[in-house]
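Structure record follows, encoded as structure tokens.
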Amino acid sequence: MSTRRVLSLRWRLWLAGALGVAISAVIAGGLLGAMFERSGQRALDSRLDDDFATLAGLIEARADGGWQLRRPPADERWARVFSGWYWRIGDGADAVRSRSLWDDELVADGVPGTAAVWSIVEGPRGQQLRMRAQLLRLPGVADPIPVHVAGDRGDVIAETRGFRQAAMLAFAGAAAALLALLAWQIEWGLRPLRRMRRILQRVRNGDDVRFGAERWPAEAAPLAEQIDDLLDEHARRVARARHAAEDLAHALKTPLAVLSAEAQRPGGDIADVVSTQVQRMRGEVERRLGGGFAADARQRTPIAPVAEALCGLFAQTAGDRVSLRREVAPDLVFAGAREDLEEMLGNLVDNAVKWAHAQVRIHATSVDWRVRIAVDDDGPGMQADAMAQVLQRGVRLDSRMPGHGLGLSIVDSVAASYDGTLVLENLPGGFRALLDLPAGAPISA
């Protein structure tokens with residue numbers, strides 16, 4: 001099945017960062033250019049205000065109520081023809097204009113008022129002019145005097161264009177530096193993911209490593225913890241599967257031994273034995289496939305029939321070497337499944353037969369809704385420091401004896417699932433395995 005390729009995190013971060021840097025550079029360049037143009041415009045307006053004040057200071061009233069220009073302003077800008085700086089005072093035939101206009105006219109945009117009116121008009125040579133127009137009132141002059149002052153915006157436009165070009169070049173250089181820094185930042189930021197990939201490769205190669213052994217950034221630490229939990233869970237599942245296989249093999253060992261012994265014994269009803277043991281092995285397989293030891297305290301199992309059946313089975317495998325004796329009252333009941341009781345007692349009897357010199361004894365008592373089943377043998381016993389070890393999976397104290405070191409650990413696990421216990425102790429001249437399990441009410445006939 002094909003999967004749609006998507007951009008890597010590196011390219012996603014790079015494209016997002018590059019787009020952000022480019023947009024920021026364009027916006028910043030545009031804003032700076034607009035601010036520079038506005039600053040140039042304010043400087044031009046301030047200069048036109050000064051020119052208006054200069055012209056206003058040169059106008060004086062005549063005796064007949066009119067006005068006149070005391071003298072032309074001396075600024076060279078207004079004397080040079082088409083210099084881009086112009087002025088006009090008055091309207092019609094009485095208007096006075098700057099020499100820079102020559103024989104052209106300064107066309108105002110709109111009618112001036114008593115306050116300054118600003119506008120953009122076209123000059124004599126197609127220049128773009130900034131014009132300031134205002135009606136000037138003088139004492140002794142009957143009518144207000146219109147005064148127009150204009151300056152070329154070309155310098156402001158050219159300087160703004162140059163500033164924008166320089167700003168864009170500067171921002172381009174800054175953007176390149178930021179992109180280089182962004183690339184380093186992305187590589188440095190993704191370094192923990194590369195470390196994770198290397199650790200995962202080691203895990204895949206079979207190394208027993210965990211992410212928690214290293215320090216991680218706050219954003220990556222939860223992911224590392226989750227991966228460690230996943231690896232631990234995988235290890236637990238593998239261990240459970242391995243243990244289930246070992247337990248199944250151990251559970252089938254006794255029925256196979258019985259079948260082997262029955263096959264070698266002359267006479268007898270081998271068909272019934274084979275049928276019984278095959279049924280037992282099938283039950284074990286189904287139980288293991290169903291989930292292993294699942295305590296079912298709702299069931300009630302009489303102990304005496306189970307002990308009797310086990311004694312009969314192991315008597316066939318032990319032959320005349322060991323005698324098995326049982327002392328179990330018929331009214332004793334285990335509050336659990338028959339298969340689990342057979343599993344526990346079968347392993348204890350199997351272990352006792354292996355080590356016994358001549359005798360194995362099964363006896364049970366009931367105390368306060370608890371049943372205690374003891375399996376005694378007259379074997380060599382066990383050292384105190386070894387009793388805790390044999391309850392661990394796969395531990396065998398003597399490799400010369402057949403087995404896998406699983407029997408006692410299985411008994412302990414099944415007993416614990418019923419809130420029971422397995423206690424091992426030495427006896428004078430022997431050894432005891434004591435099961436403490438929940439008791440059920442006697443089953444009426």
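The values are calculated or read from the model by the stated rules, or taken from the named source; none is laboratory data. These figures come from a predicted structure and were not determined experimentally. As a convention, Cβ positions derive from the backbone with ideal geometry for all residues, glycine included, and neighbour counts pool all protein chains shown. We work out accessible area using only protein heavy atoms, side chains counted, and drop any ligands, DNA or RNA first. Shrake-Rupley method; radii C 1.70, N 1.55, O 1.52, S 1.80 Å.
Accessible area of the stretch 61-133 with a 1.4 Å probe: how many percent of it is carbon plus sulfur? Intermediate results must be reported in sequence, preceding the final value.
Working: 1950 of 4180 Å².
Looking at the stretch 61-133 in its full context, I get 47 percent from C and S.
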If every Lys and Arg gets +1 and every Asp and Glu gets -1 at its Cβ, then about the Cα centre the stretch 73-112 yields a dipole, in debye to the nearest 20, of 180 debye
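What order do you get for 213-220, 429-436, 100-107 when each peptide is scored by the mean count of other beta carbon atoms within 10 Å, highest first? Display every interim value, and only then the final one.
Numbers: 213-220: 10.9, 429-436: 18.4, 100-107: 15.0.
Ranked from most to least packed, the peptides come out as 429-436, 100-107, 213-220.
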So, in nm, how far is label E327 from label E308 when the simple model puts each one 7 Å beyond its Cα toward the Cβ? 1.9 nm
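What ranking of S417, S83 comes out by heavy-atom accessible area, probe 1.4 Å, highest first?
Working: S417 50, S83 25 Å².
Descending accessible area places them as S417, S83.
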Report, please, the projected area of the stretch 196-235 averaged over directions, based on the convex hull of its C-alpha atoms, in nm². 2.6 nm²
Extent of the stretch 63-205 along each principal axis, from alpha carbon coordinates, in Å, largest to smallest? 111, 29, 23
Could you size up the charge dipole of the stretch 22-115 around its Cα centre, putting +1 on the beta carbon of Lys and Arg and -1 on that of Asp and Glu, and report it in debye to the nearest 20? 260 debye
With a 1.4 Å probe and all protein chains left in place, how much accessible area per residue does the stretch 8-87 have, in Å²? 59 Å²
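Can you tell me the mean projection area, over all orientations, of the convex hull of the stretch 1-129's alpha carbons? Units nm², please.
Details: hull surface 57.8 nm².
If you wrap the Cα atoms of the stretch 1-129 in a convex hull and average its projections, you get 14.4 nm².
Could the peptides 8-21, 359-372 be put in order, highest first, of the mean number of other beta-carbon atoms found within 10 Å of their residues? Display every interim value, and only then the final one.
On the way: 8-21: 13.4, 359-372: 16.4.
By packing density, highest mean first, the sequence is 359-372, 8-21.
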